[in-house]
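The values are calculated or read from the model by the stated rules, or taken from the named source; none is laboratory data. Every value quoted in this text rests on a predicted model; they were computed, and no experiment measured them. Cβ placement follows ideal geometry from the backbone for every residue including glycine, while neighbour counts extend to all protein chains displayed. Keep in mind that these areas ignore ligands, DNA and RNA; they rest on the heavy atoms of the full protein, side chains included. Shrake-Rupley method; radii C 1.70, N 1.55, O 1.52, S 1.80 Å.
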Amino acid sequence: MTQALVIVDFQNDFCAGGALAVPDGDAIAGRVNELAGSEAFDVVVATRDWHPPDHGSFTDHGGGWPVHCVAGTPGAELNHALDPTPLDAVVDKGQDQATEGYSGFEGTPLAELLHERGVDHVTVVGLATDYCVKNTALDALRAGFQVTVDTNAVRGVEVEPGDSERALAEVRAAGASVA
């Protein structure tokens, strides 16, 4: 079985001091780097929110989120705590101003990249459990991959208490392993 690690949106704006900081988001760095540097994965990919300045998800443009991860800004860069050495690819998402872009598969070449490399199984980690991790995991299942979400390497926004647990339950119910 060919395994891929997909590191979802471990970016400066989603970590401490960022425009849309996920509570305790920085805490995943050690586990993410441990997984990425291990021999367990044949392919390691990071996704990035890479929004245009007028993205529809921003409150300034009618959306529900503050301005975050604007393409080319320091906030959109991968977090400094992420070791880039094991990365085989970085996939930018959320570039269509009319869509949320929560999934690493939506409007990106991620599925093709993984299929071209013969990947059967995807482990999803990153930020945020209740939005981009959940949607990336669900779309990975839809694309035909076996999926695991490593709960030691995800954190959620928790707009409402329990959002992350509900997201993980949804992913589990869809057929993913949540460990």
*Every residue from the range 1-44 that is within 22 Å of Leu113 (Cβ to Cβ), more than 15 Å from the chain's Cα centre (by Cα) and charged (D, E, K, R)*: Glu39, Asp42
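Specify the residue that is nearest to the chain's Cα centre (by Cα); the eligible residues are those in the range 91-113 that are closer than 15 Å to Gly56 by Cα, part of a loop (DSSP other than H, G, I, E, B) and among the charged types (D, E, K, R). I'd like the intermediate steps shown before the answer.
First pass over the range 91-113, keeping only residues closer than 15 Å to Gly56 by Cα: 93-102.
Checking the rest, the ones that are also part of a loop (DSSP other than H, G, I, E, B) come to 94-102.
Next cut, among the charged types (D, E, K, R) only: 96, 100.
Details: Asp96: 17, Glu100: 13 Å.
This residue is Glu100.
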*In the range 124-147, how many residues are buried (at least 22 other Cβ atoms within 10 Å of the Cβ), more than 10 Å from the chain's Cα centre (by Cα) and closer than 18 Å to Glu165 by Cα?*
2
*Out of all the residues in the range 51-68, which are part of a loop (DSSP other than H, G, I, E, B) and touching a Gly at 6+ places or on another chain (Cβ under 6 Å)?*
Gly56, Ser57, Gly63
*Please indicate, with yes or no, whether at least one residue in the range 76-86 is crowded, with 21+ Cβ neighbours inside 10 Å and of a type in the set (A, V, I, L, M).*
yes
*Scan Gly18, Gly75, Gly30 and give me the residue that is of a type outside the set (D, E, K, R), farther than 13 Å from Ala128 by Cα and in a loop (DSSP other than H, G, I, E, B).*
Gly18
*Consider Leu168 carefully, then state whether it is open to solvent by 10 Å² or more (accessible area, probe 1.4 Å), in contact (Cβ under 8 Å) with a residue 40 or more places away in the chain and part of a helix (DSSP H, G or I).*
no
